[in-house]
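Here the structure comes first, spelled out in structure tokens, and everything after it is commentary.
The numbers here are math on the coordinates, done by the rules we state, and not lab data. Note that the coordinates shown come from a computational prediction; the quantities given were computed from them, not determined experimentally. Positions of Cβ are generated from backbone atoms using ideal geometry, with glycine treated the same way; all protein chains shown enter the neighbour counts.
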Amino acid sequence: MLIALAVWHVLVSIVLIVLVLMHSGRDTGFTGFGFTPASQGGQHIVEKNLTRVTVVVAVVFALNTIGLFYLL
């Protein structure tokens, strides 16, 4: 069980790193790569969904960290 949870933790952490790096900074991000059109007056729907997915993965990462702590 511990090994499976540790492998899952590594995979979730890699996904979380990728998601955080995909977020736009002040002037770049998706708009810099050409994935989404520049939105005026707020975030584009893809950026909102990216934020939601990042939050979900971050919560999974936190719960997994707590689970690993109690297993050790």
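List the residues, sorted by chain then number, that are 5 or more residues from Ser24 or on another chain and whose placed amide H is less than 5 Å from its amide H.
Phe30
Could I have the simple spin-label model distance between Val15 and Leu63, label points 7 Å from Cα toward Cβ, reported in nm to one decimal?
1.2
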